[in-house]
Structures are given as structure tokens and as C-alpha cells.
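**Q** Dumping the structure here so I can ask a few things about it.
Bear in mind these aren't lab numbers, they're just calculated from the coordinates by the rules spelled out. For clarity, every value in this text was computed on a predicted model and none was experimentally measured. Cβ coordinates were reconstructed from backbone atoms using ideal geometry, including for glycine residues, and neighbour counts include every protein chain displayed.
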């Protein structure tokens, strides 16, 4: 199986200084050609910042220069600056008319998207690369790889979504359980309160009945005493004066 890491670097090492049609004197210019060559030499040495500086000189004079943008994107890719590399590759593609070079531009753009884990965009770029050059086998292989990575990404995302849904369901169940427990506790408290009130009422009724009974007893006792006293008065003997 071909190593994807090798593929990601293979075309990115291929700079466009080997394309004579892009070095036409009519538009390329001797100074621009010198900057491009110097930038390529710095690139081969691994001096990507120095290489980028040379390509910038060309872009400063000719903002839509496809060769400078292509090689600038390559240097930025090697530095790990994928967002800027993507922009330069896209600008280069827009200015390239040769199908094989355009295929390389899309291929590099796809590799940049692959590094950013934007797999659907990488897939689209590889498809464009193959459309421009059906014989680009590296693009075909990376297209297959990007599709597998997209599938894994989607599966992983689905697992995360399922896990999140499960967590949400567990939270809902826990909240419902807590609510049920709180409702049950409130019901128990209400029953206890009603029972206590009932007992208090029964206790009050019992005490009230005892008070009434005591009052009746006392009243009966008073009446008996009154009758007793009255009887005494009626049985008394008057003195005969």
C-alpha cells in the first residue's frame, strides 16, 4: 500500500520551475524569473522563509502570478501554514491553463485540506485534479484515502452525538427521578402534616369533651350542694318566741 505521507509531500516538492511555458519572456520577466529560481534554491535547502521572501517579490509586482503563488503555497505548506497555503494554491489554479499543472495545483490543494482534516473539501479537490488529468494516480489514491477518512470522521461524530444524546437522556431521567422523589417527599410531608392536624384535632376534641364533662360534673355537684343547703333550711325549727 502506498504511504499517504509520501504522497502528501511528493507533488509539493515539485516546483513549477520545470514548466517552460510558464516562463515565457513575454509575461514572466527576467527579474521575476530570477526571484523564482532563487526561491526554488532556498526551498531545496529547506529555507522556506527565505524561499517565501523571493516569491513575495514576484507577487508584489504581479499579484496574479501563478508560478509564484504555486511555489509560495508549497513553502507555506512545508511551514505548516495551511490556511495561507490554501489561498495561494487556489490563486495559482485560477491562473494556470495547462491541465497537468492545474491537476498538480488541485492535488496540492487537496493535500492541504487533508492536513486540515477537511476531508470533503479534499475529496472535491482531488476530483478536480483527476478531471484535469485522469492519469494522476497520486490524486486517485489520496481521493480514496480522503473518502475513508471522511467516513471515519462521520462515524466518530455519530458516536459522539449518540453519546451526547445518551448523556442528555440520562440527565433527563435523573431530573425526572429527582422530580419524582421530590414529589413523593412532598406528598409524604403533606400526609404527615394532615395526619398531625387530624391527631391534633382529635386531641383537641378529646380535651374539649373532658372539659365539658368536668364542667357538667361540677355543675351537677353545685346543684346537689344547693339542694342540700335548701333542704337544711326547710327542716330548721323556728323558735317560739
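**Q** Hey, with R₀ at 25 Å, roughly what FRET efficiency would residue 152 and residue 99 work out to, going by the Cβ-Cβ distance, to 0.05?
**A** Approximately 0.20, to the nearest 0.05.
**Q** Right, next: What distance in nm lies between label points placed 7 Å from Cα along the C-beta direction at residue 37 and residue 181?
**A** 8.1
**Q** Given 0.36 nm per residue, what is the gain on full extension from residue 162 to residue 210 after removing their alpha carbon distance, in nm?
**A** Taking residue 162 through residue 210 to full extension adds about 10.2 nm, to one decimal.
**Q** Could you compute the FRET efficiency for residue 220 and residue 196, with r as their C-beta to C-beta distance and R0 at 45 Å, rounded to 0.05? Spell out each step's value before the answer.
**A** Details: r = 36 Å, r/R0 = 0.80.
So the FRET efficiency works out to roughly 0.80.
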